[in-house]
1. For segment 1-65, max minus min Cα coordinate along each principal axis, in Å, sorted largest first?
2. Could you rank Arg17, Arg37 by how accessible they are, 1.4 Å probe, largest area first?
3. If you roll a 1.4 Å probe over the chain with all protein chains in place, what percent of the accessible area is carbon or sulfur?
4. With n ≥ 4 as the cut-off for DSSP H runs, can you work out [θ] at 222 nm for the chain, using -39500 (n - 2.57) per run divided by the number of residues, rounded to the nearest 500?
5. Any idea of Tyr75's accessible area? Nearest 10 Å², probe 1.4 Å.
6. Probe 1.4 Å, all protein chains in place: accessible area of Tyr45 in Å², nearest 10?
7. At 1.4 Å probe radius, can you tell me the per residue accessible area of the chain in Å²?
8. Report Leu124's accessible area, 1.4 Å probe, all protein chains in place, as a number in Å² to the nearest 10.
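The values are calculated or read from the model by the stated rules, or taken from the named source; none is laboratory data. Since the structure is predicted, the reported quantities are computational estimates derived from the model, not experimental observations. Calculation scope for accessible area: heavy atoms of the full protein, side chains included, ligands and nucleic acids excluded. Shrake-Rupley method; radii C 1.70, N 1.55, O 1.52, S 1.80 Å.
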Amino acid sequence: MKIQIINGPNLNLLGKREPEIYGSESFEDYFEQLKKRFPQVELHYYQSNVEGELINKIHEVGFSFDAILLNAGGYTHTSMAISDAISGVTTPTLEVHISNIYKREEFRHKSIISKSCVGMISGLGLKGYELGITYFLHTPAL
């Protein structure tokens, strides 16, 4: 199984940015733990602060990977283009958020990309990525 993790804007600052919300661990360190936890999965990781680069990555892997875990960051609430990119590919995408978007500012309560995703994990910290991988491992092909 091949799973692409895609993180959007400002997630390159995990471990430094607002640790009371996002924790003190970098995603790179966490990704190494994920690879050890799931040796049977070919995990790939990509992060960009640029909307078009996220869309390009979705297009690149969206017909050849088994799953995408996408944390679109702030683009979750603003990007119809990312939503359209998810809809335009055949690889199922699961929306992941480290923080509980419903306990934050009201503008974060609406996800534009949710309608294009198979589901959402929100508010469980970095563990949401692990749960997303587990979901795809134990769910028949969508």
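1. The principal-axis extents, from largest down, are 37, 31, 13 Å.
2. Result, largest first: Arg37, Arg17.
3. 52 percent
4. Taking each H run of at least 4 residues, the total per residue is -9000 deg cm²/dmol.
5. Rounded to the nearest 10, that gives 50 Å².
6. Approximately 60 Å² for this residue.
7. 49 Å²
8. Its accessible surface works out to 100 Å², give or take rounding.
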